[in-house]
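Shown next, in structure tokens, is the structure this report addresses.
The values are calculated or read from the model by the stated rules, or taken from the named source; none is laboratory data. Only a predicted model underlies this, so the values are computations on that prediction, with no experimental measurement involved. Here the Cβ is made from the backbone with ideal geometry for all residues, glycine too, and neighbour counts use every protein chain on show.
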């Protein structure tokens, strides 16, 4: 077998991942659990709702609890329409998050269940060439 046939690397764009486990920061009883969970699980990618990031909060900012070797995938959780998700994604890009953003429209705020149809509906304002998106 060639290396290519046995290589099980997952790629999002040109970013490789050896673990296929994607984790998220929502619904933890304590932020102190995030780093041990990532280490125990082997996950290399964690999603973070942009509305939960507050660089001015210092020790309370959720990013302080994520190990530096774990790739952060900002998401648009909290957006209730595709148009709002695009607006949040653009803000994320301007804030330095790059083009690596998880687009999701959430209409169920209790359980954070995505609105699949709303997420997949491309808004007229979607910058097709400006952002890389991958609904997960």
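Here are the numbers for the structure shown:
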| quantity | calculated |
| --- | --- |
| Single residue of segment 93-106 satisfying the filter (at pLDDT below 80 and in contact with a strand residue (DSSP E or B) (Cβ under 6 Å, 6 or more places away or on another chain)) that is surrounded by the fewest Cβ atoms within 10 Å (Cβ to Cβ) | 99 |
| Scan of segment 32-61 for residues that are in a helix (DSSP H, G or I) and within 18 Å of residue 112 (Cα to Cα), ordered by number | 50, 51, 52 |
| Residue that is modelled with pLDDT under 90 and within 15 Å of the chain's Cα centre (by Cα), where the choices are 45, 73 | 73 |
| Filter result for residue 114 (at pLDDT 60 or above and more than 16 Å from residue 77 (Cα to Cα)) | no |
| Residue 80 vs. criteria within 16 Å of the chain's Cα centre (by Cα) and over 21 Å from residue 12 (Cβ atoms) | no |
| Test: residue in segment 54-61 that is closer than 23 Å to residue 96 by Cα, surrounded by 11 or more Cβ atoms within 10 Å (Cβ to Cβ) and touching a residue at least 12 places away in the same chain (Cβ under 8 Å) | no |
